[in-house]
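Input: a single structure, listed below in C-alpha cells.
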Amino acid sequence: MPTPPHIQRLLTFIALSIVLLPLGACKNRVSDKKIDFIELSPTVEYYEEAQEEPKKALFIDARNHERFAAGHIRGARNIRVNEIDLRYDPDPELLEYDNLIVYGENPGSASARAVAKRLIEAGYNTFFQRRVRLFLGGWVVWESSGLPIDTIEPENPDTTDTTEGNPQG
C-alpha cells in the first residue's frame with residue numbers, strides 16, 4: 001500500500017530537518033580557529049605603525065569600563081561584546097582600520113576572546129581582509145612591558161575627606 005502524500009511530505013520535512021538542523025545550529029558561531037592570535041612583538045609593531053599611519057590599527061579593550069578607565073593601551077577604544085550588534089552591518093568607522101587588535105586583562109581573558117569572535121561574526125573579517133587579531137598577552141603584559149598607556153580621570157572626582165568630623169576616624 002503506497003504512503004499517502006501528506007505522510008510523504010511530513011517524512012520529507014522531518015528528514016530535511018534532521019540533515020539541515022546542525023547547519024543552522026552552527027550559523028553565526030566562530031571557532032577559535034578563525035581568530036588570528038598575536039604575541040607582544042607584533043602587537044607593538046602594529047602600535048608603532050599606527051603612530052605613523054593612524055588607520056593602520058585600532059586597539060580594542062574588551063575589559064569593563066572601570067578597568068579601562070584605570071589604564072589602557074594609549075589610543076584604545078573600550079568596546080564590550082554586547083556593544084557589537086549583529087543585526088546591523090559593520091560600523092563604517094571600524095572598517096576604516098586595517099587591523100582591529102583586541103585585548104583583555106590577561107592571556108586567559110574570556111571577554112577579549114568573545115569580542116574578537118563577535119567582531120569576526122559581525123563581518124569585520126572578510127575573504128579578502130582579516131582585520132581582527134587577538135593580543136594574547138593582554139593588558140598585564142602591555143603594562144608590565146612599560147609601553148604607552150592612558151588613564152581616564154573620573155568625571156566627578158570625590159574630593160570629600162570622609163574621615164573629617166568622624167569621631168572614630
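Here are some notes:
- Some residue of segment 122-135 being touching a helix residue (DSSP H, G or I) at 6+ places or on another chain (Cβ under 6 Å), within 19 Å of Gly71 (Cα to Cα), surrounded by 14 or more Cβ atoms within 10 Å (Cβ to Cβ) and modelled with pLDDT of 95 or more: yes
- Selected residue (criterion: modelled with the lowest pLDDT) from residues of segment 28-66 that are among the basic types (Lys, Arg) and exposed (fewer than 10 other Cβ atoms within 10 Å of the Cβ): Arg29
- Across segment 107-141, the number of residues qualifying as part of a helix (DSSP H, G or I) and among the aliphatic types (A, V, I, L, M) comes to 9.
A quick yes/no check of all residues on (1) closer than 20 Å to Phe37 by Cβ; (2) in contact (Cβ under 8 Å) with a residue 24 or more places away in the chain; (3) of a type outside the set (Asp, Glu):
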residue	(1), (2), (3)
Asn82	no, no, yes
Leu86	no, yes, yes
Asp91	no, no, no
Ile101	yes, yes, yes
Ser109	yes, yes, yes
Tyr124	yes, yes, yes
Arg130	yes, yes, yes
Gly138	yes, yes, yes
Leu147	yes, yes, yes
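- Within the set Ala25, Ala70, Ala110, Ala114, the sole residue that is modelled with pLDDT under 95 and of a type outside the set (Asp, Glu) turns out to be Ala25.
The values are calculated or read from the model by the stated rules, or taken from the named source; none is laboratory data. Values in this document were obtained by computation on a predicted structure and should not be read as measured data. All Cβ positions, even for glycine, are placed from backbone atoms using ideal geometry, and neighbour counts span all protein chains on display.
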